[in-house]
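**Student:** Just passing along the structure, written as structure tokens.
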Amino acid sequence: QVLAVPVSAVRTDRAKPYVQVVEKVGDNFQVAHKTVEMGVRGMDLTQPDAEPWVGVTGLEAGSIVLKGQVGALREGLRVKYTAAAAQPGASATSAP
């Protein structure tokens, strides 16, 4: 098994690849940058519109990972969930 995130969530605009996650700090949620090492890539071939995923190390299972479409966010930026945003991003998932 491997911990995996969507390939689009891995940012490569620094010396080492990283993902942006939402973490609870006190009573607030904020953006944090987690350096990851990328491994095996894959996708669900039974789903024609499936997004490619990549195995990563350096991230905890269940982390709330922001998709790449949100762009680069400043580390420490406060995040507020709204009712319309049931899923703020993709959770890191363990895949066989």
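**Student:** Which of the aspartates and glutamates could be linked to Lys67 by a straight reach, that is with a Cα gap under 20 Å, when you skip same-chain ones fewer than 8 residues away?
**Tutor:** By straight Cα distance, Lys67 reaches Asp13, Glu23, Glu37, Asp44, Asp49, Glu51, Glu75.
**Student:** Quick check of the Kirkwood formula: for the stretch 9-87, what is the inverse mean of 1/r over all pairs of different Cα atoms, in Å?
**Tutor:** Roughly 14.0 Å, rounded to one decimal.
**Student:** How large a share of the accessible area of the chain, in percent, is made up of carbon and sulfur atoms when the probe is 1.4 Å and the other protein chains stay in place?
**Tutor:** Heavy-atom surface of the chain belonging to carbon and sulfur, 1.4 Å probe: 52 percent.
**Student:** By how many nm would the segment from Glu75 to Val40 grow when fully extended, if each residue of separation counts as 0.36 nm and the alpha-carbon distance is taken off?
**Tutor:** Answer, rounded to one decimal: 9.9 nm.
**Student:** Any idea of the accessible area per residue across the chain, 1.4 Å probe, to the nearest Å²?
**Tutor:** 65
**Student:** Taking only Cα atoms and a 10 Å spring cutoff, compute GNM fluctuations for the chain and point out the largest among Val54, Val21, Val70.
**Tutor:** Among Val54, Val21, Val70, the largest GNM mean-square fluctuation belongs to Val70.
The values are calculated or read from the model by the stated rules, or taken from the named source; none is laboratory data. As the structure is a prediction and not an experimental result, all values here were calculated from the model. What goes into the accessible areas is simple: the full protein's heavy atoms, side chains included, and nothing from ligands, DNA or RNA. Shrake-Rupley method; radii C 1.70, N 1.55, O 1.52, S 1.80 Å.
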